[in-house]
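Visitor: Take this structure, written in structure tokens, and hold onto it; I'll ask about it next.
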Amino acid sequence: MDPRPVSHTHLVLIPSYNPGEKVFDTVRAALDRWAPVWVVVDGSTDGSAERLAQMAAAEPALRILVLPRNCGKGAAVLFGLREARNCGFTHALTMDSDGQHPAECIRTFMQASQAAPDAMVLGCPVFDASAPGFRVKGRRISNWWANLETLWAGIHDSLYGFRVYPIGALIAVMRRQPWMRRFDFDVEAVVRLCWRGVRPINLPAPVRYFRPDEGGVSHFNYWRDNALLTWMHFRLFWGFIARLPLLAARRLAP
């Protein structure tokens, strides 16, 4: 295998909350393919922060950032983005810590981002038999709304968190409003970035759901998180109405 690329502009950013044993495999797989890799421990209480710190002590390309309490995925990503910008990075590939996202696709996504730095590179999930049917069908609803809210700007999947963001643009989006700090982060990030004129590039990426006996850990709560998404799309729809003339002009432009 080729030596892993070492970048001073693009890093892997992994938000993590009580992830179980899969986080260590996830981090090792990411480190095999890219450097640097940062993990933001979002107030975990399972001892993973201490074990990750031990990994970082032996691996210079790994950095662990720890939040004292659980703030949500979006808040953890924002914390990491701000620190990354302070260190001179321009782009971050986000991936989940539970092993669902494909580390083998990191280099392909990073290369796409390096070739088009003004764009965001979005993973389009390729599901296997492990995917829960209600999750696959339910995301179609959110994807339809996200495409309406961006006037079909080209978002193939709004929920899949394996993606590369331009750091400056995403921080600017999040600074202006208090939302997208928890489960609503992934969808709202791509919609608001599209509103800002950030072009989406879609690449296929496999996703795997692990059963509890395989070490899988899920913090998804069907009622709570779907209520959060419903409130999010309500906000975004009215934001879309306010921006409709601009979005329509952009779509009609040659």
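The values are calculated or read from the model by the stated rules, or taken from the named source; none is laboratory data. The structure presented is a predicted model; accordingly, all values stated were derived computationally and were not measured. Don't worry about glycine lacking a Cβ; one is built from the backbone with ideal geometry, like all the others, and counts go over all protein chains shown.
Visitor: For the subset of the stretch 57-91 comprising residues that are polar (S, T, N, Q) and in a loop (DSSP other than H, G, I, E, B), which member is nearest to Tyr17 (Cα to Cα)? First the steps, then the outcome.
Guide: To start, the set of residues in the stretch 57-91 that are polar (S, T, N, Q) comprises 70, 86, 90.
Of the ones still in play, those that are also in a loop (DSSP other than H, G, I, E, B) are 70, 90.
Numbers: Asn70: 7, Thr90: 25 Å.
Selected residue: Asn70.
Visitor: OK, next. Only residues that are in contact with a strand residue (DSSP E or B) (Cβ under 8 Å, 6 or more places away or on another chain) and hydroxyl-bearing (Ser, Thr, Tyr): list them for the stretch 142-188, please.
Guide: Tyr160, Tyr165
Visitor: Answer yes if at least one residue in the stretch 73-85 is surrounded by 19 or more Cβ atoms within 10 Å (Cβ to Cβ), farther than 19 Å from Asp184 by Cβ and in contact with a helix residue (DSSP H, G or I) (Cβ under 7 Å, 6 or more places away or on another chain), and no otherwise.
Guide: So the first thing to find is which residues in the stretch 73-85 are surrounded by 19 or more Cβ atoms within 10 Å (Cβ to Cβ), and the list is 73-78, 80-81, 84.
So of that shortlist, the ones also farther than 19 Å from Asp184 by Cβ come out as 84.
If we keep only those that are in contact with a helix residue (DSSP H, G or I) (Cβ under 7 Å, 6 or more places away or on another chain) as well, we get 84.
Checked against the condition, which is being surrounded by 19 or more Cβ atoms within 10 Å (Cβ to Cβ), farther than 19 Å from Asp184 by Cβ and in contact with a helix residue (DSSP H, G or I) (Cβ under 7 Å, 6 or more places away or on another chain), the stretch 73-85 yields at least one hit.
Visitor: What number of residues within the stretch 133-157 satisfy the criterion of being closer than 23 Å to Leu252 by Cα and not acidic (Asp, Glu)?
Guide: Qualifying residue count for the region: 13.
Visitor: Here's another thing I want to ask about it. Hey, does the stretch 9-19 have a residue that's in contact with a strand residue (DSSP E or B) (Cβ under 9 Å, 6 or more places away or on another chain), part of a loop (DSSP other than H, G, I, E, B), of a type in the set (Ser, Thr, Tyr) and surrounded by fewer than 19 Cβ atoms within 10 Å (Cβ to Cβ)?
Guide: Yes, because at least one residue in the stretch 9-19 is in contact with a strand residue (DSSP E or B) (Cβ under 9 Å, 6 or more places away or on another chain), part of a loop (DSSP other than H, G, I, E, B), of a type in the set (Ser, Thr, Tyr) and surrounded by fewer than 19 Cβ atoms within 10 Å (Cβ to Cβ).
Visitor: Ok, one more. If I go through the stretch 77-100 residue by residue, how many of them are among the hydrophobic types (A, V, I, L, M, F, W, C) and farther than 16 Å from Leu193 by Cβ? Show your work before the answer.
Guide: Step one: filter the stretch 77-100 for residues among the hydrophobic types (A, V, I, L, M, F, W, C), giving 77-79, 81, 84, 87, 89, 92-93, 95.
Right, trim to farther than 16 Å from Leu193 by Cβ and you get 79, 84, 87, 89, 95.
Number of matching residues: 5.
Visitor: Please give the number of the condition Ala103 fails out of (1) buried (at least 19 other Cβ atoms within 10 Å of the Cβ); (2) under 21 Å from Arg199 (Cβ atoms).
Guide: (2)
Visitor: Considering only the stretch 1-47, state which residues are modelled with pLDDT of 90 or more, in contact with a helix residue (DSSP H, G or I) (Cβ under 6 Å, 6 or more places away or on another chain) and not hydrophobic (A, V, I, L, M, F, W, C).
Guide: His10, Pro15, Ser16, Arg33, Asp42
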